[in-house]
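Engineer: Pasting a structure below so you can have a look.
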Amino acid sequence: MSEEWVEVGSLSDIPKLGARVVNAPDGDIAVFRTADDSVFALRDECPHKQGPLSQGIVHGDRVSCPLHDWKIMLDSGNAVAPDEGCAASYPIKMDGETIFLSLTPNEGCPNKD
Amino acid sequence: MKERLIVIGNGMAGMRTVEEILKLDADAYDITVFGAEPHGNYNRIMLSPVLAGDKTIDEIMINDEQWYVDNNITLYKGKTVVDINRKARKVIVDDGSEHEYDRLLIATGSNPFIIPLPGHDLDGVIAFRDIHDVDMMIEAAKNHQHAVVIGGGLLGLEAANGLMQQGMKVTVLHLVDTLMERQMDSAAGKMLRQSLEERGMEIIMPALTKEIVGKDRVEKVVLEDGREIEAGIVVMAVGIRPNIELAEKVGIHCERGIVVNDTMQTFDPRVYSVGECVQHRGETYGLVAPLFEMAKVCANHLVQHGIAQYEGSVTSTKLKVTGIDLFSAGDFTGDENTEELVFQDASRGVYRKLVIQDNKVKGAVMYGDTIDGSWYFDLMREQTDISDFREKILFGQAHLGDSGHGDENRIEMMADSAEICGCNGVSKGDIVNSININKLLTLEEVRAHTKASSSCGSCTGLVESLLAHTVGGDYSIAPHLKPVCACTEHTHDEVRKAIKDHELKSVRSAIEFLEWNTPDGCGKCRPALNYYVMCQYPDAESDDSQSRFINERAHANIQKDATYSVIPRMWGGGTTPTELRAIADVADKYKVETVHVTGGQRIGLYGLTKQELPEVWGDLNKAGLVSGHAYGKALRTVKTCVGKEWCRFGTQDSTQLGIDLEKMTWGSWTPHKYKMAASGCPRNCAEATIKDFGVVCVDSGYELHVGGNGGIKVRVTDLLTTVKTDAEVLEYAAAFMQIYREEAHYLERTAPWIERVGLAHVKENIVDDADNRKALAERFHFSQSFAQDDPWEARAKGAEKHEFEVMKNINA
């Protein structure tokens, strides 16, 4: 199926090593920016107890959930071992500084119904 | 091409070093390992439980062969390196093959010492050193009745116990008249002897062996005094010798062991050495904890971080014989400059002796009840001044105001279902299983796998004891110097010093200067670094909000459903009708689900969304209400009673004093949350004696109490001093808060900090030294001149918008 890209803002809207929230029809999506300006999007729910990942501390290629400190990989949404579980990840496309988000999650992680 | 590292020795020290190297930089080397034994790497100190039948060989394997494959390590097992050509940088193996290296690590360990008695080479005379020896002993137990163990030290007694478990009648021969004389004094040695004899062990000492007699196989042992003891097997456990044969042969400088410097480098700069084969600052070691410390330092240098230094180890010993608890550490004999504190209860079988010098613990021997061993060991390593609890120290940590657990701390007696970690609901059985199944060796690993002690941390001590109990006694669970987190080797104190000495004024510059092994730290170290930088340079605008935990970034407390709570400050617990009306209006306007009176004498509003926060704060600001910092590692509240203004017992104006204290200290960031209280009389209604800083007013002035907290581990304060005027109270309060801010580790409350550094240290700096007290107070006020800005006001007016607004709403 064809991807539908939604413009959600520009890189400068997100602090380095930070995240912003996009309200989407199926629930909030967290959009992260790493130290090297890579951008990732994950469902804003930790697989553990649904903590808002957007509120966590971003470090390297992962984010620490603010509720119980699970570490989630920003690219895949997988919890870092030995924890298990994943948050759905969403495709991101950059056009210069502008961030486009697809609302169709990547394969590989059971999405919230 | 990658550099080549060859490791000679596939034992615990060598492989621990390899593990540390992989952790720091998995691509640093092509690694080749030579091991003389035909196995993977196993936990040698657990051979005793294997012999005793408590564990199997599989259970004590640390790295199976798959591990070497997974990590691209070439393992040559059953192969011995016979020569090294240092000029050509290659090792020569017993099969004739040659292998080149760029760096060489010698970890050949030690050899058991065999006394060259007549008959020592008979069949059935063995040492207690490896899996092969254990197999021989188990085999002997099937065909023979009697065993003789020569040597009544740690290893000998563990061997003797194991052989008894295998069904043999065992006689221990010991040269001197105290068992384990290198770890025990004669009183504890006697108690040990008694309990071993009660179990059926025969102990002869002093006993000098003359010869071992037998045709082909050993039959009996003859003593100098003519006695003869039947023996189907003889175990010699009289000591170990560093295995330096190879190093000596190739001209590497050796004395008793291979001589290394503080970076574990030998006299040949390309050759490193770790473990029982080395001699460092004149010492050789035969316990595990020092080996692990050496491995860490060695790996750090091999991957060219070049910052770690091995300064020698203080070691402790436990005997791994089920049902017998003994512990020893440091210098337990003492000399003319030391004093002894002794507790002895023969009928309960309990003995404790501490050797003290200048009010510092130098050594400890414990028998029968060793739960406090790790505490004494910590006091010893930290060189804590014990003068303030000296009269109670022998009764243990449970009697030091920690009234939370006390006797429940005896983990060995706990049922498997007993809950250890109340935060995460982890039972003793869960932890023990995970340790065994996942072969966990450190506290961090247990936390990662079980979550135990990963939340509030109050059960850390229990989890550590459980780990020690499960994996074997002489692991030093808490390494002497704990790094801040897995991102670095540096300790909190080292980090603080570097931030100060090298003017590191941002989290980023600290991470770069101290060469963190992660690109931007983690959720654990970044908040710590941010605090240390801010504390050192309050005027540098160094605060990095992305390095703060969400509560401090959003200036509100995140709740489990991702909503937030808002708690405005009520100075000294006082409020007004106007403030109450403003709070009620906000509660109505934002449909606040829960309004709750907090434990700190103020009112909390719960269930607000993040987007609402700036508006809520704006409304509260209008009535003069400001942030209560209930979300921060910061000054929280100053609890008061109504004092002499109303109370018929009141001796001073405790309410006004509380307000003054709060006005002085609000807005300050601290290593952990910080609570104060002021009570108007010794009835102490404000509960000042479980606060970080508490004032109890008395008729003649003010008692100042420090280092208390409520919570799971209740700790009652220590009395710092008594002063006459409220001005002095304020000066002491500022000085105490500042020394805590400057010295404690991040997330260390005043209670554990004071237990770590000792109340005497605090008194020296604040009570005895008026100039220093004033200097501390001045530094506190300087810092406050930048900190006392209501964070709510700025944000209500639009600061940090991105924190509170959604980036985009794409709901249809």
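The values are calculated or read from the model by the stated rules, or taken from the named source; none is laboratory data. Predicted model only: the values in this text are computed from it and were never measured. With ideal geometry, Cβ positions are generated from the backbone for all residues, glycine too; neighbour counts draw on all protein chains shown.
Engineer: Can you work out which of the residues in the stretch A:38-49 that are of a type outside the set (A, V, I, L, M), more than 8 Å from every other protein chain (Cβ to nearest Cβ) and without any contact (Cβ under 8 Å) to a residue 60 or more places away in the chain is farthest from A:E7 (Cα to Cα)?
Structural biologist: The selected residue is A:H48.
Engineer: Of A:V6, A:V58, which residue is within 9 Å of chain B (Cβ to nearest Cβ) and buried (at least 20 other Cβ atoms within 10 Å of the Cβ)?
Structural biologist: So the residue among A:V6, A:V58 that is within 9 Å of chain B (Cβ to nearest Cβ) and buried (at least 20 other Cβ atoms within 10 Å of the Cβ) is A:V58.
Engineer: If we only count helices (runs of 4 or more DSSP H) wholly inside the stretch B:356-460, which ones have 3 or more residues that are modelled with pLDDT of 80 or more and more than 14 Å from chain A (Cβ to nearest Cβ)?
Structural biologist: Qualifying helices (runs of 4 or more DSSP H): B:373-382, B:428-438.
Engineer: Within the stretch B:210-220, identify whether any single residue is touching a Leu at 6+ places or on another chain (Cβ under 7 Å), assigned by TED's automatic domain parsing to the domain that holds B:V81 and under 28 Å from B:I45 (Cα atoms), and answer yes or no.
Structural biologist: No - not one qualifying residue is present in the stretch B:210-220.
Engineer: Exactly one condition in (1) on the phi > 0 side of the Ramachandran plot; (2) buried (at least 17 other Cβ atoms within 10 Å of the Cβ); (3) more than 7 Å from every other protein chain (Cβ to nearest Cβ) is not met by A:G27; state its number.
Structural biologist: (2)
Engineer: Kindly indicate which of B:D95, B:D83 is free of Cβ contacts under 8 Å to residues at least 24 places away in the same chain and either in a loop (DSSP other than H, G, I, E, B) or in contact with a helix residue (DSSP H, G or I) (Cβ under 8 Å, 6 or more places away or on another chain) (or both).
Structural biologist: Selected residue: B:D95, the only one of B:D95, B:D83 that is free of Cβ contacts under 8 Å to residues at least 24 places away in the same chain and either in a loop (DSSP other than H, G, I, E, B) or in contact with a helix residue (DSSP H, G or I) (Cβ under 8 Å, 6 or more places away or on another chain) (or both).
Engineer: Output yes when any residue across the stretch B:110-117 is over 30 Å from B:I21 (Cβ atoms), among the hydroxyl-bearing types (S, T, Y) and either not in a loop (DSSP other than H, G, I, E, B) or not assigned by TED's automatic domain parsing to the domain that holds B:F34 (or both), and no when none is. Let's see the steps before the verdict.
Structural biologist: Let us first name the residues in the stretch B:110-117 that are over 30 Å from B:I21 (Cβ atoms), namely B:113-117.
If we keep only those that are among the hydroxyl-bearing types (S, T, Y) too, we end up with none.
Checked against the condition, which is being over 30 Å from B:I21 (Cβ atoms), among the hydroxyl-bearing types (S, T, Y) and either not in a loop (DSSP other than H, G, I, E, B) or not assigned by TED's automatic domain parsing to the domain that holds B:F34 (or both), the stretch B:110-117 yields no hits at all.
Engineer: Pairs under 9 Å by beta carbon, first residue of a type in the set (D, E) in the stretch B:433-452, partner assigned to a loop (DSSP other than H, G, I, E, B) and modelled with pLDDT under 80, six or more apart or different chains?
Structural biologist: B:E445/B:K439
Engineer: Now for a different question. Select, from B:E755, B:E764, the only residue that is more than 14 Å from chain A (Cβ to nearest Cβ), buried (at least 18 other Cβ atoms within 10 Å of the Cβ), under 32 Å from the mean Cα position of the chain (by Cα) and among the charged types (D, E, K, R). Explain how you work it out, then say what you get.
Structural biologist: Numbers: B:E764 fails: buried (at least 18 other Cβ atoms within 10 Å of the Cβ).
None of the others qualify; the one that does is B:E755.
Engineer: All but one of (1) more than 7 Å from chain B (Cβ to nearest Cβ); (2) surrounded by fewer than 17 Cβ atoms within 10 Å (Cβ to Cβ) hold for A:K71; state the number of the condition that does not hold.
Structural biologist: (2)
Engineer: Further, regarding this structure: Within the stretch B:631-675, take every residue that is of a type in the set (S, T, N, Q) and over 36 Å from the mean Cα position of the chain (by Cα) and give me the one that is surrounded by the fewest Cβ atoms within 10 Å (Cβ to Cβ).
Structural biologist: The extreme case among them is B:Q656.
Engineer: Right, something else. So which pairs qualify, if the first residue must be in the stretch B:372-395 and not assigned by TED's automatic domain parsing to the domain that holds B:G758, the second must be among the aromatic types (F, W, Y) and modelled with pLDDT under 85, the Cβ gap must be under 6 Å, and the two must be at least 6 apart or on different chains?
Structural biologist: B:G373/B:F327
Engineer: Output the residues belonging to the stretch B:688-732 that are over 31 Å from the mean Cα position of the chain (by Cα) and in a loop (DSSP other than H, G, I, E, B).
Structural biologist: B:D699, B:S700, B:K724, B:T725
Engineer: In the stretch B:290-322, which residue that is under 21 Å from B:A364 (Cβ atoms) and small (G, A, S) is modelled with the lowest pLDDT?
Structural biologist: Selected residue: B:S316.
Engineer: Okay, moving on. Hey, does the stretch B:177-187 have a residue that's free of Cβ contacts under 8 Å to residues at least 60 places away in the same chain, within 18 Å of B:Q279 (Cβ to Cβ) and in a helix (DSSP H, G or I)?
Structural biologist: no
Engineer: Would you mind telling me which numbered condition in (1) within 29 Å of B:V7 (Cβ to Cβ); (2) exposed (fewer than 15 other Cβ atoms within 10 Å of the Cβ) B:E228 fails?
Structural biologist: B:E228 satisfies all of (1) within 29 Å of B:V7 (Cβ to Cβ); (2) exposed (fewer than 15 other Cβ atoms within 10 Å of the Cβ) except (1).
Engineer: Might you let me know whether the stretch B:77-94 holds any residue that is within 33 Å of the chain's Cα centre (by Cα) and more than 24 Å from B:D133 (Cβ to Cβ)?
Structural biologist: For the stretch B:77-94, residues within 33 Å of the chain's Cα centre (by Cα) and more than 24 Å from B:D133 (Cβ to Cβ): absent.
Engineer: Where in the stretch B:512-614 are there helices (runs of 4 or more DSSP H), lying wholly inside it, with at least 2 residues that are surrounded by 22 or more Cβ atoms within 10 Å (Cβ to Cβ) and within 37 Å of the chain's Cα centre (by Cα)? If you could, list the steps in order and put the result at the bottom.
Structural biologist: Working: elements: B:525-536, B:550-554, B:577-589.
Qualifying helices (runs of 4 or more DSSP H): B:525-536, B:550-554.
Engineer: Condition first: over 24 Å from B:Y310 (Cβ atoms) and either at pLDDT below 95 or more than 14 Å from chain A (Cβ to nearest Cβ) (or both). Can you find one or more residues in the stretch B:469-490 that meet it?
Structural biologist: Looking through the stretch B:469-490, at least one residue is over 24 Å from B:Y310 (Cβ atoms) and either at pLDDT below 95 or more than 14 Å from chain A (Cβ to nearest Cβ) (or both).
Engineer: For B:A364, all conditions in the list (1) over 20 Å from the mean Cα position of the chain (by Cα); (2) surrounded by 23 or more Cβ atoms within 10 Å (Cβ to Cβ) hold save one; what is the number of the exception?
Structural biologist: All conditions pass for B:A364, except number (1).
Results for (1) away from chain B (no Cβ under 14 Å); (2) surrounded by 17 or more Cβ atoms within 10 Å (Cβ to Cβ), shown as yes or no for each residue.
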{"position": "A:V63", "(1), (2)": "no, yes"}
{"position": "A:L67", "(1), (2)": "no, yes"}
{"position": "A:N78", "(1), (2)": "yes, yes"}
{"position": "A:E84", "(1), (2)": "no, no"}
{"position": "A:I92", "(1), (2)": "no, yes"}
{"position": "A:S102", "(1), (2)": "no, no"}
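Engineer: In the stretch B:689-713, how many residues are more than 13 Å from B:L657 (Cα to Cα), touching a Cys at 6+ places or on another chain (Cβ under 7 Å) and crowded, with 21+ Cβ neighbours inside 10 Å?
Structural biologist: Residues meeting the conditions: 0.
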